[in-house]
Amino acid sequence: MSRIGKKPVAVPSAVKVELKDHTIKTSGPKGTLSYRYPDVVEVSFDAANSQVKVACKDDTPQAKALHGLTRALIANMVRGCEQGYGRKLEIYGTGYGCDVKGTRLLLNCGYMGRGVDQHGKPREAQFVIEIPAGLKVTVEVKAARGDSDPAKLTVSGADKQMVGQFAAEIRALRPPEPYKGKGIRYEGEHVRRKQGKAFASGSGG
């Protein structure tokens, strides 16, 4: 048995849990999530103690592996519905910036020109990204100033996996380059720098 899997998941009063047809559903202030758990594990809700318990149905390696995974996913769901998850991003580079209009994230990351959209109209930014349902993007600083003061944004939502995936997709549009560090990075991310090419000067004779 997994040591993690055996630990009950405490459910705060703000979160509601429903179990039906091998599916667990959690709802709270930050949203609603559902997960169909594997057949090799059993999930129960102890309403008296406000705990979700996960148990193995057998001792197969697959059941043991899924035991801890299922418990971890349910714990993430409970926390996400109560508190939510967030991933902060920073955009470095002169002229780089971000904005949110409705359900779209607009990014300018140093590429030449903005081009046109599928209707032949000028694009509002170099990247116009539809924000997935269930996620929210908040812009704290719209424009970067030089290479030291970045634009800043936060991806937040109840689903930990969705938050991490969308933040990774944004970063992948312009990963930080190693010379001046321009690009999109996670807050607190260390960018390994490379020394620029040195040109030696000499007199020919």
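The values are calculated or read from the model by the stated rules, or taken from the named source; none is laboratory data. As the structure is a computational prediction, the values presented were derived from the model and not from experiment. Glycine also receives a Cβ, built like all others from the backbone with ideal geometry; neighbour counts cover every protein chain displayed.
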Tally, over region 2-27, of residues that are touching a Gly at 6+ places or on another chain (Cβ under 8 Å) and among the small types (G, A, S): 3
Going residue by residue through region 71-84, is there one that turns out to be assigned to a strand (DSSP E or B) and either surrounded by fewer than 18 Cβ atoms within 10 Å (Cβ to Cβ) or on the phi < 0 side of the Ramachandran plot (or both)? no
Within region 14-32, track down each residue that is in a loop (DSSP other than H, G, I, E, B) and either among the hydrophobic types (A, V, I, L, M, F, W, C) or surrounded by 14 or more Cβ atoms within 10 Å (Cβ to Cβ) (or both). A14, V15, K30
Given the criteria surrounded by 15 or more Cβ atoms within 10 Å (Cβ to Cβ), assigned to a strand (DSSP E or B) and free of Cβ contacts under 8 Å to residues at least 40 places away in the same chain, does K53 qualify? no
Mind checking which residues of region 160-176 are basic (K, R) and touching a Gly at 6+ places or on another chain (Cβ under 6 Å)? K160, R174
Find the residue count for region 144-170, including only residues that are more than 18 Å from the chain's Cα centre (by Cα) and under 16 Å from G31 (Cβ atoms). 0
Restricting attention to region 33-50, which residues are surrounded by 15 or more Cβ atoms within 10 Å (Cβ to Cβ) and among the polar types (S, T, N, Q)? S50
Within region 133-160, tally of residues that are in contact (Cβ under 8 Å) with a residue 24 or more places away in the chain and under 15 Å from C81 (Cα atoms): 7
Residue check, L89 against (1) within 30 Å of K182 (Cβ to Cβ); (2) of a type in the set (A, V, I, L, M, F, W, C); (3) in contact with a Gly (Cβ under 9 Å, 6 or more places away or on another chain), all met but one. Which one? (3)
With the structure loaded, tell me whether L19 is modelled with pLDDT of 95 or more, touching an Asp or Glu at 6+ places or on another chain (Cβ under 9 Å) and hydrophobic (A, V, I, L, M, F, W, C) or whether it fails that test. no
